[in-house]
Amino acid sequence: MCPFRILWFFVEESKMDNLSKYYDDLDDEGQFEAVHHPRTNKPKLDPQTVQQFIQRQDDARQTFSFTYQPARFEEGWLLDSLGTFFEQRWISDVLWKIKAGKEASVYLCRSGDQVKSGLIAAKVFRPRMLRNLKNDQLYRQGRADLDENGHPIADPGMLKARQKRSVYGEQIRHQSWIAYEFQTLKTLHAAGADVPQPYEMGENAILMSYIGDEDSAAPILNTVTLEPGEVRRLYERILYNVEIMLANSIVHGDLSAYNVLYWERQITLIDFPQVISPTSHRSAYPIFSRDIARVCEYFARQGLRSDPGRLAAGLWKAHGFRLHPDVHPGMLDADDPADRQLWKGSWDE
C-alpha cells in the first residue's frame with residue numbers, strides 16, 4: 001500500500017489527528033474568503049508558530065517565490081500544493097488569484113518548461129474542502145474511490161480507512177474527488193469537448209490550460225449578455241458538449257451558466273469533480289434534468305425559448321439510457337417512496 005504523502009513531511013503519521021485540528025485552526029484564522037467560522041473564547045495562534053509552519057511546508061520555498069502576494073496562511077498552503085509542480089518545471093511563478101471558491105481557488109501561473117503556452121491555471125482545493133461539500137455523498141453514489149493515479153482503489157486497508165472516516169480515510173476521499181475531475185477532463189478533452197486541457201494532478205491541485213489573457217481571465221457565462229447572433233450557436237454548442245459527455249457515460253452534475261467560461265465568443269465547460277455515471281447512479285436522470293434546466297434557464301434570459309424537460313428526455317433516450325433504471329424487484333423497499341417511484345416508472349415508461 002502506498003499512502004498519500006502526508007501534508008507535513010516533517011511529522012510522523014501518528015500525529016495526523018492533532019495536525020488535522022491544527023490545520024483547521026489555520027484555515028479558520030486565514031484568508032480563505034469563501035467560508036467564515038466564528039469562534040468564541042479561543043486564543044489566536046502564536047505568530048511565531050504560524051511562521052514556522054509556513055517555512056516547513058516545502059524546501060522549494062527557498063527558490064519558489066510568488067509574484068502573487070498570498071494571504072497569511074495561504075502561502076503555506078500554496079507551497080505545499082504547488083511546490084512539486086515547481087520542482088518538476090510545470091510552473092515557474094504564481095501571478096494572481098483568478099477565483100476563490102468554496103471548494104477550491106484557481107490561480108494564474110507562469111508555465112515552466114513542460115508546457116508550451118506561457119500561462120497555466122492551477123486549481124488548488126481548499127484545506128477543508130470536503131466539509132464544505134454538503135451534497136458530497138449524493139455525487140459519490142455508485143462511484144469507486146480513485147487513487148492518486150486515477151485507478152479504482154482495491155486495497156482492503158485503504159477501503160477500511162475510507163469507511164471508518166479516519167484522517168487517512170479523509171485523505172483518500174479528498175484525493176478521489178480531485179482524481180475524478182482530472183480523469184474526466186482527460187476523457188472529455190480527448191473526445192473533443194470544450195474543456196480545459198488537463199496537464200498534471202497533484203495531491204491537492206490540478207494544472208490545466210488557462211482561458212483568458214495575462215490581464216483578465218475569462219468570465220463565467222452567467223455574467224455575460226450575449227449578442228443576438230451568438231445565443232443559439234452557443235446554446236447548441238453546450239448541448240453538443242452534453243452529448244459528448246453522455247457518449248462517454250458522464251453526467252456533469254452541476255452544469256449551469258456558472259460553470260461555463262466565455263472567451264472570444266467561445267465557451268469552455270469547467271468544474272467536474274462531482275461527475276456521476278448515468279448507469280450506476282440511482283438519481284442520474286433527475287440530476288441530468290437539473291443540469292439541462294439550468295442551462296435552458298440562462299438561455300431563456302437571453303431570449304431563447306426551449307422545453308428543458310422534453311430536451312433532457314430526448315437526449316437521455318437518444319444515448320440509450322432509460323429514464324428509470326432497471327432494478328430487480330427484490331432490491332426495492334416497498335416502504336421507500338423513491339423505490340416505489342422507480343417501480344412505477346419502470347412500467348410507465
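Under the condition of being crowded, with 23+ Cβ neighbours inside 10 Å, touching a Phe, Trp or Tyr at 6+ places or on another chain (Cβ under 8 Å) and under 15 Å from Phe125 (Cβ atoms), the residues counted in segment 83-103 number 0. Whether any residue in segment 254-262 is on the phi > 0 side of the Ramachandran plot and either of a type in the set (D, E, K, R) or part of a helix (DSSP H, G or I) (or both) is what I want to check. No - not one qualifying residue is present in segment 254-262. Applying a threshold of 8 Å to beta carbon distances and a minimum spacing of six or more residues, or different chains, the list of pairs starting in segment 305-320 at a residue that is closer than 13 Å to Ala284 by Cα and ending at one that is outside any helix (DSSP H, G or I) and of a type outside the set (A, V, I, L, M, F, W, C) reads Trp316/Pro278. The residue that is surrounded by the fewest Cβ atoms within 10 Å (Cβ to Cβ), among those in segment 214-261 that are charged (D, E, K, R) and touching an Asp or Glu at 6+ places or on another chain (Cβ under 9 Å), is Arg237. Output the residue which, of all residues in segment 175-217 that are within 25 Å of Tyr68 (Cβ to Cβ) and among the polar types (S, T, N, Q), is farthest from the chain's Cα centre (by Cα). Step by step, filter segment 175-217, then rank; the result is Ser216.
Against the definition (among the small types (Gly, Ala, Ser) and within 19 Å of Leu261 (Cβ to Cβ)), how does Ala104 come out, yes or no?
Details: among the small types (Gly, Ala, Ser): yes; within 19 Å of Leu261 (Cβ to Cβ): yes.
Taking the combined requirement at face value, the residue satisfies it.
All conditions in (1) touching a Phe, Trp or Tyr at 6+ places or on another chain (Cβ under 9 Å); (2) within 18 Å of Leu304 (Cβ to Cβ) hold for Asp254, with the sole exception of (2). Take the conditions (1) within 16 Å of the chain's Cα centre (by Cα); (2) more than 17 Å from Asn222 (Cβ to Cβ); Asp271 misses just one of them, which is (2). For segment 263-283, a residue qualifies if it is more than 25 Å from Gly101 (Cβ to Cβ) and outside any loop (DSSP other than H, G, I, E, B), but none of them does.
Only the coordinates and a few stated rules stand behind these numbers; no lab work does. Because the structure is predicted, anything quoted here is derived from the model rather than measured. Because the Cβ atoms are built from the backbone with ideal geometry, glycine has one as well, and the counts that use them run over all protein chains shown.
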